[in-house]
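The values are calculated or read from the model by the stated rules, or taken from the named source; none is laboratory data. The structure displayed is predicted, hence computed values, not measured ones. Here the Cβ positions follow ideal geometry from the backbone for every residue, glycine too, while neighbour counts run over all protein chains shown. These area figures cover heavy atoms from the full protein model, side chains too; ligands, DNA and RNA do not enter into them. Shrake-Rupley method; radii C 1.70, N 1.55, O 1.52, S 1.80 Å.
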Amino acid sequence: MDNGMIGKIEKAKRYAEERTRIHITNLAVTFDGENSEHRVTFDGHKWHCDCGYFHTHSVCSHTMALERVLAGMVPQYTELS
Ligand SMILES: [Zn+2]
């Protein structure tokens, strides 16, 4: 492996620890809920989920779980306690 690649790998490791460098602008996932599968999307500002709870509350366990997984890379709308 050449020195250039070694340097890139080291930089990648450092970047991976600095999550606030990464700003997710578009995301679509399939979320395996306890009862059924849900489609969750994020457009850089707002979440959307096709579950019934999200439809009435604009937030749900699926979007909150993804906020935790992606902490630092998406705006935090809910309390991460
Ligand atoms: Zn949901």
| query | Carbon-plus-sulfur fraction of the accessible area of the chain, 1.4 Å probe, in percent? | reply | 53
| message | To the nearest 20 Debye, how big is the dipole of the chain about its Cα centre, given +1 on the beta carbon of each Lys and Arg and -1 on that of each Asp and Glu? | response | 360
| query | Summing +1 for each Lys or Arg and -1 for each Asp or Glu, what net charge is found among the other residues whose Cβ lies under 13 Å from the Cβ of residue 17? | reply | +3
| query | Considering only DSSP states other than H, G, I, E and B, which GluC sites (Glu not before Pro) in the chain qualify as loop sites with at most 11 other Cβ atoms within 10 Å? | reply | 18, 34, 79
| task | Find which of 5, 30, 52 sits farthest along the positive direction of the dipole of the chain, computed with +1 on the beta-carbon of Lys and Arg, -1 on that of Asp and Glu, about the Cα centre. | result | 5
| note | Simple spin-label estimate for residue 22/residue 43, 7 Å along Cα→Cβ, in nm, reads 2.4
| message | Rolling a 1.4 Å sphere over the protein heavy atoms, what is the accessible area per residue of the chain, to the nearest Å²? | response | 75
